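Worksheet: one structure, shown below.
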Amino acid sequence: MSVLIKNGRVITATDDYIGDIFIEGETISATGRKLTMPADTTLDATGLLVMPGGIDPHVHLDMPFMGTFSSDTHETGTRAALFGGTTTVIDFVLQQQGHSLREALDQWNSRAKGTAVGDYSFHMAVTDYNDHTRAEIKEMVEKEGITSFKTFMAYKGALMIDDRQMTALMQEVRKQGGLVTVHATNGDMIDYLVAKNRSEGRLSPLYHYLSQPEVTEAEASARFTDIANYTGCPGYIVHLTCEGALNAVRQATRRNQHVFVETCIQYLLLDASLYEKDFDGAKWVMSPPLREKKDQATLWAGINQNLVNVVATDHCPFKWEQKKMGLNDFSKIPNGHPAIEHRMELLYSEGVHKGKISLNKYVEVACTNPAKIFGMFPRKGTIAPGSDADILLFDPQKQHTLSAATHHMNVDYSAYEGWELTGKVQTVLLRGKIAIDKNNCLVDKGYGQFIRRTPTYTTSL
Ligand code: URP
Ligand code: ZN
Ligand code: ZN
């Protein structure tokens, strides 16, 4: 099968030109002007942006968490991602404390293999670092192509590791050529503030926010950055939300250290005033919580300053019935919000269309940097001969409205209900196949492939 895309405005992290793309089988075989190869299918992209498929490196599909499971499976979540122009996601395997990494990987494989619609890879979350786990790191990198190891500095008793484990893990991961990623918040401070608010009868979603002040994230981000510097291990902070935490990373650049930073679309667009809506605020109960308008400004600036390298989602959806587990106690509301489908369109509309970031920067933070940092580049994340033909045809003028009534995620509310956006996904190709065309999904459950990743060679961007 061959596909010729004609006359689109081709955008990569560095290029911007009107041209054509020729695809043979699953990969791009040529790019240029006025290509004339005969093709089985020709797509006219006049007036459209032609960009690499999005990569969302932070999603939680079918994940056991806080007494329930996130409501999108690998099937529904990757399909919704495709509808929104994201062709590859990286999901988190969670080691269970007292158990091996291998056991966890087997469980996640059994849920994802044969069910994913879009491409996916895994981060391995190390929640119990010991001699046995140490020996498994090499195996994950070399045998499984899993080169990033997630750590939590919060969720004590379930996921959190201490600084002793963090230091030892980073030493080992560095040796094996991997990367350590972190949920950087001070778990002990948060646990204290949660307990205090609960014991004093402050139980609404607002207190979820007030139990995780900015300092909890700033302190842990600085500590993680210091441990990364000491061990020499590449580090990546997930879902960074605020000025204090970004300043810790900025400070590290003074000693010529680079820690990769991811923020998520919600932290750029939403703020903590949403927690004042009584229990409705549960829709935005996530960790870290939404912050202030000044933090949004810091994050947008951080993108343009090359301090924030990636915009992800931390997609972790729960249905309203599940959120209601915390109706009378904010600490029981499952943490997480749905966004896998809307990241590319929200970031375009609110970022590019409103003049906050350039088109090249858009592709860089939503497609190219995730591929580079996580060892998938140049197979994924760009438009070039030899790369997978994961391509997005995007109408930059089209206006539309987000709603739970029309989205494809398996969740019965939208965190962006009624938002009017400019710019819409029109057609999505995944490894040379038309996967989405004008709101129809044309690939089946099982089409999604596991993407093995290489060690991270990129140390700065
Ligand atoms: O609230 C969140 N972020 N839920 C998912 C788990 C995590 O901390 O990333
Ligand atoms: Zn987290
Ligand atoms: Zn997460």
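Would you mind stating whether Ala228 is surrounded by 22 or more Cβ atoms within 10 Å (Cβ to Cβ), more than 16 Å from ligand 3 (Cβ to nearest atom) and assigned to a helix (DSSP H, G or I)? Answer is yes for this residue. In region 289-296 there is at least one residue that is more than 16 Å from ligand 2 (Cβ to nearest atom) and assigned to a loop (DSSP other than H, G, I, E, B). Selection over region 168-224 of residues that are over 18 Å from Glu243 (Cβ atoms), assigned to a helix (DSSP H, G or I) and not aliphatic (A, V, I, L, M) gives a count of 15.
Kindly check whether there is at least one residue in region 401-416 that is surrounded by fewer than 19 Cβ atoms within 10 Å (Cβ to Cβ), farther than 21 Å from His74 by Cβ and among the β-branched types (Val, Ile, Thr). Taking every residue of region 401-416 in turn, at least one turns out to be surrounded by fewer than 19 Cβ atoms within 10 Å (Cβ to Cβ), farther than 21 Å from His74 by Cβ and among the β-branched types (Val, Ile, Thr).
The residue list Ile357, Ile383 contains one member that is touching a residue at least 24 places away in the same chain (Cβ under 8 Å), assigned to a loop (DSSP other than H, G, I, E, B) and touching a Gly at 6+ places or on another chain (Cβ under 6 Å), which is Ile357. Checking the structure you have, find out if any residue of region 45-60 is modelled with pLDDT of 95 or more and surrounded by fewer than 21 Cβ atoms within 10 Å (Cβ to Cβ). Yes; the residues of region 45-60 include at least one that is modelled with pLDDT of 95 or more and surrounded by fewer than 21 Cβ atoms within 10 Å (Cβ to Cβ). Being among the basic types (Lys, Arg) and in contact with a Leu (Cβ under 9 Å, 6 or more places away or on another chain) is true of Arg202.
Across region 297-340, the qualifying residues are those that are away from ligand 2 (no atom under 16 Å from the Cβ) and charged (D, E, K, R), and the one among them that is least open to solvent (accessible area, probe 1.4 Å) is Lys323.
Being open to solvent by 10 Å² or more (accessible area, probe 1.4 Å), closer than 21 Å to Ser387 by Cβ, within 20 Å of the chain's Cα centre (by Cα) and of a type outside the set (D, E, K, R) holds for only one residue in Ala30, Ala39, Ala13, and it is Ala13.
Every residue, every condition in (1) farther than 25 Å from Asp278 by Cα; (2) open to solvent by 20 Å² or more (accessible area, probe 1.4 Å); (3) more than 16 Å from ligand 1 (Cβ to nearest atom); (4) touching a His at 6+ places or on another chain (Cβ under 7 Å), yes or no:
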position	(1), (2), (3), (4)
Gln165	yes, yes, yes, no
Gln176	yes, yes, yes, no
Asn186	yes, yes, no, no
Leu193	no, yes, yes, no
Lys196	no, yes, yes, no
Gly201	no, yes, yes, no
Tyr209	no, yes, no, no
Ala222	yes, yes, yes, no
Cys233	yes, no, yes, no
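Listed conditions (1) away from ligand 2 (no atom under 16 Å from the Cβ); (2) part of a helix (DSSP H, G or I); (3) under 25 Å from Asp56 (Cβ atoms); (4) touching a residue at least 12 places away in the same chain (Cβ under 8 Å) are all met by Gly244, apart from (3). Out of curiosity, is Thr76 among the β-branched types (Val, Ile, Thr), within 16 Å of ligand 3 (Cβ to nearest atom) and not in a strand (DSSP E or B)? When the stated conditions are applied, Thr76 does not pass them.
Kindly indicate the residue of region 138-160 that is among the aliphatic types (A, V, I, L, M) and assigned to a loop (DSSP other than H, G, I, E, B) and also surrounded by the most Cβ atoms within 10 Å (Cβ to Cβ) among those meeting that condition. Step through it out loud before you land on a result.
Step one: of region 138-160, the residues among the aliphatic types (A, V, I, L, M) are 140-141, 146, 153-154, 158-160.
Still in the running and assigned to a loop (DSSP other than H, G, I, E, B): 146, 153-154, 158-159.
Working: Ile146: 24, Met153: 26, Ala154: 24, Ala158: 14, Leu159: 22.
Once the filter is applied, the top-ranked residue is Met153.
The values are calculated or read from the model by the stated rules, or taken from the named source; none is laboratory data. What you are looking at is a predicted structure, and each value in this text was computed from that prediction instead of being measured. Cβ sites come from the backbone with ideal geometry, for glycine too, and all protein chains shown count toward neighbours. Side chains included, ligands, DNA and RNA excluded: accessible areas come from the protein's heavy atoms. Shrake-Rupley method; radii C 1.70, N 1.55, O 1.52, S 1.80 Å.
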